[in-house]
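The values are calculated or read from the model by the stated rules, or taken from the named source; none is laboratory data. Note that this is a predicted model, so its numbers are computed, not measured. Ideal geometry is used to build each Cβ from the backbone, glycine not excepted, and the neighbour counts take in all protein chains shown. We work out accessible area using only protein heavy atoms, side chains counted, and drop any ligands, DNA or RNA first. Shrake-Rupley method; radii C 1.70, N 1.55, O 1.52, S 1.80 Å.
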Amino acid sequence: MNDFKYSDEEVQHLRPRSSKINSSSSQMTSSRSIPRLIQRDLPYHQSKSQVSVQNRSKSRFHIFSEGLNYILNRNWFHIFLRCPTLLSLFFLLLLWVLWLVIFASLYVYIDAREPMLECGLGGKGQPIEFFPALSFSLETCTTVGYSLPNSDNNGFFTSDCYAVQLAVYLQMTWSMIFNAFFTAFIFARLARSEQRSAQVLFSNKAIIENRNGKWLFHVRVYDVDSQKPIVEMHMRMYCASWLNYQNQDQEQPHLLHSMRIFDPNDELNAWIFTGVPMNASHHIDAYSPLTPPHRKKDLNIMNSYGLVLREVDQLGGSNSAHPCPVCGETYETSENLKTHIRFNKIMEEAAGNVPVVGTHRDPDLVKPRLFHKLELTKEDIIEHLMDKEIICVAEGIEPMLSGTFQCLHSYRLEDIVFDYKFTPCVTNENGKIFVELDKFHSYQKIEQYPSPVVVDDEYQSFGERL
């Protein structure tokens, strides 16, 4: 999904148009023209955790020859389960009454076929009428067992009343199946875990900050039902890019691009404990979909070939992405590559008989661009976010019924602030801990971080400041 080898035409097309940006209001207007996948339509700046996507097909047939109805019919239970509770109850009650009427009509028909046969429904020569038959149908369905309408004899327990016996058998069998379905449906409807997502809060604003030259994207998450914390809660982030998706030059269209999370570490499943407000952070690095493509073009990094990589893995020594054009060795950082080339230059010069061409001293191979680092500005990021929607997915298990659910939230350009930090909202008073919900969405301006002494040090920390 993230292959950063762009053609020159694509780079020119995606290059920032900063001259066209006159004010923050114009930026917000352009961003609002992009449709939202996640509508933030609940109080406290939250969403219903629903994706605003509708299905449409102009042709009669779709994937299968039977059309889209074939797909829907294979999953009718879950479609029906998503109907509103009151509407579902009304429909099930209406279905139950309809079957009472059907069996009542069946009893009237059976008793009228042989009016001289006494099966306990109507009198001899007097077939049962509809409303007594409806009462008998209700009695049979509910297994109340008051009495037969005409109880002067053994009723349908005689061998001649096989038709009534069969009808009673069918109705009681249907009643058992319907009662089991009704009980299971009501339990599934009332106990659905997706409603638990309403108690998981996302911050109204996301924050992008520049820390020691590293651009970081932060959101804050909190579960207000903190006394029963969610089990195995973890985070994912995606970037919806409409401009790239509508660009027909790319090989395969992808609307959503995965965003790696470094805190909590997504290599450890990005587990988060939402019993207290917690931040989830993404590094806007050379592999991030939030980085403008033209800023990646001249970087000496390995092609990702569709893999979603992280620069932090290189700094941690678990991934080598900077290749040497001479010997093919790869290194974690450009500083390591520079040290490698400097050392081999000394060794080649000391040897004396090593030609310049094709060695670490060859200026046609060892160019200054090999050591270029990603340089982003606030304007670069703002321009690149104009057509973007960042989707945050928090997924966990509800502890009461062990049901998995998802919480969805999204941020567009107007939902992002730069160079701020979240206001601390956890306090303690008299030995008790409180989460100040009035401060949950609050943020404050960041004081300028002191400039690092060694500006070329790629190992400057961009995690939590201790």
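List of remarks:
- So residue 404, is it of a type in the set (Ser, Thr, Tyr), more than 22 Å from residue 243 (Cβ to Cβ) and at pLDDT 90 or above: yes
- None of 364, 380 is open to solvent by 20 Å² or more (accessible area, probe 1.4 Å) and acidic (Asp, Glu) except 364.
- Residue in region 80-89 that is surrounded by 13 or more Cβ atoms within 10 Å (Cβ to Cβ), over 41 Å from the mean Cα position of the chain (by Cα) and modelled with pLDDT of 90 or more present: no
- Hits in region 251-300 (condition: open to solvent by 50 Å² or more (accessible area, probe 1.4 Å), in a loop (DSSP other than H, G, I, E, B) and under 20 Å from residue 421 (Cβ atoms)): 276
- Residue within region 12-21 that is out of contact with any Pro (no Cβ under 9 Å at 6 or more places or on another chain), at pLDDT 85 or above, loosely packed, with under 14 Cβ neighbours inside 10 Å and not hydroxyl-bearing (Ser, Thr, Tyr) present: no
- Within region 301-338, the set of residues being small (Gly, Ala, Ser), farther than 27 Å from residue 256 by Cβ and either without any contact (Cβ under 8 Å) to a residue 40 or more places away in the chain or surrounded by fewer than 16 Cβ atoms within 10 Å (Cβ to Cβ) (or both) comprises 317, 320, 328.
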